[in-house]
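Comments concern the structure below.
The values are calculated or read from the model by the stated rules, or taken from the named source; none is laboratory data. For clarity, every value in this text was computed on a predicted model and none was experimentally measured. Positions of Cβ are generated from backbone atoms using ideal geometry, with glycine treated the same way; all protein chains shown enter the neighbour counts. Just the protein is used for accessible areas: all its heavy atoms, side chains included, with ligands, DNA and RNA removed. Shrake-Rupley method; radii C 1.70, N 1.55, O 1.52, S 1.80 Å.
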Amino acid sequence: MVLTFASVRLQKCSAGFGNGCPFRLLWRPGDRARRVSHTPDYFVRRRDGSAVVLDVRPDDLIEPEDAVKFAATAAACAVVGWDFERVGVLDPVLAANLRWLSGYRHPRVRRDPVAAELRAAFARPRGLLAGVGAVGDPIAVVPVLFHLLWCRELAVDLEAGLLSAATQVRPVPMVTKEVGGDAGVSAAAVAG
(Lines give C-alpha, C1' and ligand atoms only; values in the text may rest on other atoms or scores of the structure.)
Protein backbone atom coordinates (compact mmCIF):
# COMPACT_ATOMS: atom_id res chain seq x y z
CA MET A 1 0.00 0.00 0.00
CA VAL A 2 2.96 2.34 0.54
CA LEU A 3 3.68 2.47 -3.17
CA THR A 4 0.08 3.40 -3.91
CA PHE A 5 0.14 6.28 -1.43
CA ALA A 6 3.47 7.48 -2.73
CA SER A 7 2.41 7.11 -6.36
CA VAL A 8 -0.34 9.65 -6.00
CA ARG A 9 1.96 12.18 -4.33
CA LEU A 10 4.59 11.62 -6.99
CA GLN A 11 1.99 12.17 -9.68
CA LYS A 12 0.57 15.30 -8.03
CA CYS A 13 3.96 16.93 -7.52
CA SER A 14 5.12 16.30 -11.11
CA ALA A 15 8.04 14.19 -10.06
CA GLY A 16 11.23 14.30 -12.06
CA PHE A 17 12.68 11.41 -10.09
CA GLY A 18 12.35 9.88 -6.66
CA ASN A 19 14.22 7.69 -4.21
CA GLY A 20 12.86 5.40 -1.51
CA CYS A 21 14.28 5.64 2.05
CA PRO A 22 16.62 8.45 0.94
CA PHE A 23 18.39 9.35 4.20
CA ARG A 24 18.29 8.98 7.96
CA LEU A 25 17.98 11.88 10.39
CA LEU A 26 19.65 11.54 13.80
CA TRP A 27 19.18 14.00 16.68
CA ARG A 28 19.12 14.30 20.45
CA PRO A 29 15.84 15.87 21.58
CA GLY A 30 16.27 18.38 24.39
CA ASP A 31 18.76 17.23 27.00
CA ARG A 32 18.39 13.49 26.36
CA ALA A 33 21.50 11.37 25.97
CA ARG A 34 19.79 8.86 23.68
CA ARG A 35 19.63 9.74 19.98
CA VAL A 36 16.41 9.54 18.01
CA SER A 37 16.35 8.64 14.34
CA HIS A 38 13.91 8.72 11.47
CA THR A 39 14.18 7.56 7.87
CA PRO A 40 11.60 9.24 5.60
CA ASP A 41 9.90 7.07 3.01
CA TYR A 42 10.66 9.05 -0.16
CA PHE A 43 12.68 11.93 -1.55
CA VAL A 44 11.37 13.44 -4.78
CA ARG A 45 13.12 15.95 -7.02
CA ARG A 46 10.39 17.73 -8.94
CA ARG A 47 10.76 18.65 -12.59
CA ASP A 48 11.02 22.32 -11.60
CA GLY A 49 14.08 21.53 -9.44
CA SER A 50 12.35 21.82 -6.06
CA ALA A 51 12.26 18.88 -3.67
CA VAL A 52 9.76 17.18 -1.38
CA VAL A 53 10.28 14.54 1.29
CA LEU A 54 7.33 12.18 1.80
CA ASP A 55 6.36 10.08 4.79
CA VAL A 56 3.51 7.62 4.36
CA ARG A 57 1.41 6.81 7.40
CA PRO A 58 -2.38 6.73 7.85
CA ASP A 59 -3.66 9.11 10.55
CA ASP A 60 -4.90 6.33 12.83
CA LEU A 61 -1.45 4.70 12.94
CA ILE A 62 0.50 7.76 14.10
CA GLU A 63 1.80 7.39 17.65
CA PRO A 64 2.99 10.45 19.63
CA GLU A 65 6.64 9.49 19.00
CA ASP A 66 5.92 9.38 15.25
CA ALA A 67 4.38 12.85 15.32
CA VAL A 68 7.58 14.18 16.93
CA LYS A 69 9.67 12.50 14.23
CA PHE A 70 7.52 13.95 11.45
CA ALA A 71 7.79 17.42 12.98
CA ALA A 72 11.58 17.11 13.24
CA THR A 73 11.78 15.92 9.63
CA ALA A 74 9.63 18.87 8.48
CA ALA A 75 11.92 21.28 10.36
CA ALA A 76 15.08 19.72 8.87
CA CYS A 77 13.57 19.89 5.38
CA ALA A 78 12.67 23.55 5.84
CA VAL A 79 16.27 24.35 6.78
CA VAL A 80 17.54 23.06 3.42
CA GLY A 81 14.62 24.47 1.40
CA TRP A 82 12.70 21.24 0.80
CA ASP A 83 8.99 20.62 1.29
CA PHE A 84 7.76 17.89 3.62
CA GLU A 85 4.46 16.03 3.34
CA ARG A 86 2.92 13.20 5.28
CA VAL A 87 0.51 11.19 3.20
CA GLY A 88 -2.37 9.41 4.90
CA VAL A 89 -5.29 7.40 3.57
CA LEU A 90 -6.29 7.94 -0.03
CA ASP A 91 -9.76 8.86 -1.19
CA PRO A 92 -11.51 5.61 -2.30
CA VAL A 93 -12.10 6.89 -5.87
CA LEU A 94 -8.48 7.92 -6.25
CA ALA A 95 -7.28 4.59 -4.82
CA ALA A 96 -9.55 2.64 -7.21
CA ASN A 97 -8.30 4.59 -10.23
CA LEU A 98 -4.66 4.11 -9.22
CA ARG A 99 -5.21 0.38 -8.69
CA TRP A 100 -6.81 0.13 -12.14
CA LEU A 101 -4.08 2.08 -13.93
CA SER A 102 -1.33 0.16 -12.13
CA GLY A 103 -2.42 -2.90 -14.09
CA TYR A 104 -1.13 -1.15 -17.22
CA ARG A 105 2.21 0.06 -15.87
CA HIS A 106 4.42 -2.58 -17.50
CA PRO A 107 6.31 -1.41 -20.62
CA ARG A 108 4.98 -4.39 -22.60
CA VAL A 109 1.61 -2.57 -22.78
CA ARG A 110 3.15 0.36 -24.62
CA ARG A 111 2.93 0.37 -28.41
CA ASP A 112 4.85 3.39 -29.65
CA PRO A 113 2.89 4.06 -32.87
CA VAL A 114 -0.40 3.94 -30.91
CA ALA A 115 1.10 6.05 -28.10
CA ALA A 116 2.07 8.76 -30.60
CA GLU A 117 -1.43 8.72 -32.11
CA LEU A 118 -3.00 8.97 -28.64
CA ARG A 119 -0.83 11.96 -27.71
CA ALA A 120 -1.97 13.63 -30.94
CA ALA A 121 -5.63 12.70 -30.35
CA PHE A 122 -5.50 14.22 -26.86
CA ALA A 123 -3.49 17.32 -27.83
CA ARG A 124 -6.63 19.13 -26.67
CA PRO A 125 -8.73 17.76 -23.80
CA ARG A 126 -11.50 15.40 -24.85
CA GLY A 127 -13.46 12.42 -23.59
CA LEU A 128 -11.55 9.18 -23.12
CA LEU A 129 -13.62 7.08 -25.52
CA ALA A 130 -13.84 9.83 -28.15
CA GLY A 131 -10.03 10.09 -28.30
CA VAL A 132 -9.58 6.32 -28.30
CA GLY A 133 -12.11 5.96 -31.13
CA ALA A 134 -10.19 8.51 -33.19
CA VAL A 135 -7.10 6.31 -32.97
CA GLY A 136 -8.49 2.84 -33.61
CA ASP A 137 -10.02 -0.29 -32.13
CA PRO A 138 -10.66 0.34 -28.42
CA ILE A 139 -9.59 -3.23 -27.57
CA ALA A 140 -6.09 -2.41 -28.84
CA VAL A 141 -5.94 1.29 -27.95
CA VAL A 142 -7.37 1.55 -24.41
CA PRO A 143 -4.53 -0.44 -22.76
CA VAL A 144 -1.96 1.89 -24.35
CA LEU A 145 -3.93 4.92 -23.14
CA PHE A 146 -4.01 3.56 -19.59
CA HIS A 147 -0.25 2.99 -19.78
CA LEU A 148 0.27 6.61 -20.88
CA LEU A 149 -1.92 7.78 -17.99
CA TRP A 150 0.10 5.68 -15.52
CA CYS A 151 3.36 7.10 -16.92
CA ARG A 152 1.92 10.65 -16.80
CA GLU A 153 2.37 11.19 -20.52
CA LEU A 154 -1.35 12.06 -20.61
CA ALA A 155 -3.44 13.20 -17.66
CA VAL A 156 -6.89 12.87 -16.10
CA ASP A 157 -8.38 14.00 -12.81
CA LEU A 158 -8.13 10.77 -10.84
CA GLU A 159 -10.21 12.19 -7.98
CA ALA A 160 -13.20 13.45 -10.04
CA GLY A 161 -14.76 10.00 -10.47
CA LEU A 162 -14.01 6.48 -11.59
CA LEU A 163 -12.43 6.33 -15.04
CA SER A 164 -15.13 6.11 -17.69
CA ALA A 165 -15.80 6.76 -21.37
CA ALA A 166 -16.55 10.42 -20.55
CA THR A 167 -13.41 11.06 -18.45
CA GLN A 168 -11.60 14.09 -19.85
CA VAL A 169 -8.06 13.24 -20.96
CA ARG A 170 -5.62 16.08 -21.47
CA PRO A 171 -1.99 16.53 -22.50
CA VAL A 172 0.76 16.90 -19.93
CA PRO A 173 2.92 20.01 -20.35
CA MET A 174 6.46 19.05 -21.19
CA VAL A 175 9.50 20.59 -19.50
CA THR A 176 11.52 22.20 -22.27
CA LYS A 177 14.52 23.67 -20.49
CA GLU A 178 16.95 22.58 -17.85
CA VAL A 179 16.40 23.86 -14.34
CA GLY A 180 19.06 26.48 -13.81
CA GLY A 181 20.22 26.02 -17.41
CA ASP A 182 23.02 23.55 -16.62
CA ALA A 183 22.39 20.15 -18.21
CA GLY A 184 25.70 18.78 -16.89
CA VAL A 185 24.77 19.50 -13.29
CA SER A 186 21.27 18.07 -13.82
CA ALA A 187 22.67 14.87 -15.36
CA ALA A 188 25.10 14.51 -12.47
CA ALA A 189 22.30 15.01 -9.93
CA VAL A 190 20.15 12.34 -11.59
CA ALA A 191 23.09 9.93 -11.85
CA GLY A 192 23.85 10.40 -8.16
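Return the residue satisfying two criteria in turn: it lies in the range 130-183 and is of a type in the set (Lys, Arg) and within 21 Å of ARG110 (Cβ to Cβ), and of such residues it is modelled with the highest pLDDT. Per the criteria, the residue is ARG170.
When you look at LEU98, is it among the hydrophobic types (A, V, I, L, M, F, W, C), open to solvent by less than 30 Å² (accessible area, probe 1.4 Å) and either in contact with a Ser or Thr (Cβ under 7 Å, 6 or more places away or on another chain) or assigned to a strand (DSSP E or B) (or both), yes or no? Steps first, please.
On the way: among the hydrophobic types (A, V, I, L, M, F, W, C): yes; open to solvent by less than 30 Å² (accessible area, probe 1.4 Å): yes; either in contact with a Ser or Thr (Cβ under 7 Å, 6 or more places away or on another chain) or assigned to a strand (DSSP E or B) (or both): yes.
It is true that LEU98 is among the hydrophobic types (A, V, I, L, M, F, W, C), open to solvent by less than 30 Å² (accessible area, probe 1.4 Å) and either in contact with a Ser or Thr (Cβ under 7 Å, 6 or more places away or on another chain) or assigned to a strand (DSSP E or B) (or both).
Kindly evaluate ASP83 against the criterion of being of a type in the set (Asp, Glu), open to solvent by 50 Å² or more (accessible area, probe 1.4 Å) and touching a strand residue (DSSP E or B) at 6+ places or on another chain (Cβ under 8 Å). Outline the logic, then answer.
Values: of a type in the set (Asp, Glu): yes; open to solvent by 50 Å² or more (accessible area, probe 1.4 Å): yes; touching a strand residue (DSSP E or B) at 6+ places or on another chain (Cβ under 8 Å): yes.
Yes, satisfied.
Residue count for the range 148-172, restricted to those that are open to solvent by less than 10 Å² (accessible area, probe 1.4 Å) and assigned to a helix (DSSP H, G or I): 2. The set of residues from the range 28-71 being over 22 Å from ARG152 (Cα atoms), surrounded by 13 or more Cβ atoms within 10 Å (Cβ to Cβ) and basic (Lys, Arg) comprises ARG57, LYS69. Here GLY103 does not fit the description of being touching a Pro at 6+ places or on another chain (Cβ under 8 Å) and either under 25 Å from LEU163 (Cβ atoms) or open to solvent by 30 Å² or more (accessible area, probe 1.4 Å) (or both).
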